[in-house]
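Heads up: the structure comes next, in structure tokens.
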Amino acid sequence: MTTFVMLNKQKLKIMSTFKINIIAGPLWSNDEAQKLAPRIAAAHLGKFTGQWSTIVEGEMSVIEVELNTQPTGNNEYTLDVLAGPIWSDEDAKAICPAICASYGGTWNGQWTTVVEGQMSVCGCVFKF
């Protein structure tokens, strides 16, 4: 979807959505994809476009999902997202905003180590 705004008598085009491929496990048929993909897209706060493809025969497919450029909605949900090892608060400040943004969320300032030296999580807030 595209939005247009006027600035100094010029019409500017602003993209308010974008499309990405999300892994979906193996999808065996178009009927299965059309049934499961809308739920997968919704789990990522997006909308299934109807497009999908197999990327590794018998093992992995991707679905095309349309997402909003800015999180919207009045509801919020906080979820810890895997982030690899984080060593300090300063490290978290450098890493977590990008990790949360990669899932369509924003960092809430929280993080914790779940496996010492191997894996930490960032607290991400999602609006819907």
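The values are calculated or read from the model by the stated rules, or taken from the named source; none is laboratory data. Quantities reported herein were computed from a predicted structural model and do not represent experimental measurements. For neighbour counting, all protein chains shown are included, and Cβ atoms are generated from backbone atoms with ideal geometry for every residue, glycine included.
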Looking only at region 19-44, count how many residues are loosely packed, with under 14 Cβ neighbours inside 10 Å and either touching a Leu at 6+ places or on another chain (Cβ under 6 Å) or more than 16 Å from Glu66 (Cβ to Cβ) (or both). 8
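Here's the yes/no breakdown for (1) within 14 Å of Ala24 (Cβ to Cβ); (2) touching a His at 6+ places or on another chain (Cβ under 8 Å); (3) at pLDDT below 95:
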position	(1), (2), (3)
Trp52	yes, no, no
Ser61	yes, no, no
Leu67	no, yes, yes
Asn75	no, no, yes
Asp80	no, no, no
Determine if region 93-100 includes at least one residue that is closer than 18 Å to Phe18 by Cα, within 13 Å of the chain's Cα centre (by Cα) and not β-branched (Val, Ile, Thr). yes
For region 45-73: of the residues being aliphatic (A, V, I, L, M) and in contact (Cβ under 8 Å) with a residue 40 or more places away in the chain, which is surrounded by the fewest Cβ atoms within 10 Å (Cβ to Cβ)? Leu67
Is it the case that some residue within region 80-93 is surrounded by fewer than 16 Cβ atoms within 10 Å (Cβ to Cβ), assigned to a helix (DSSP H, G or I) and aliphatic (A, V, I, L, M)? no
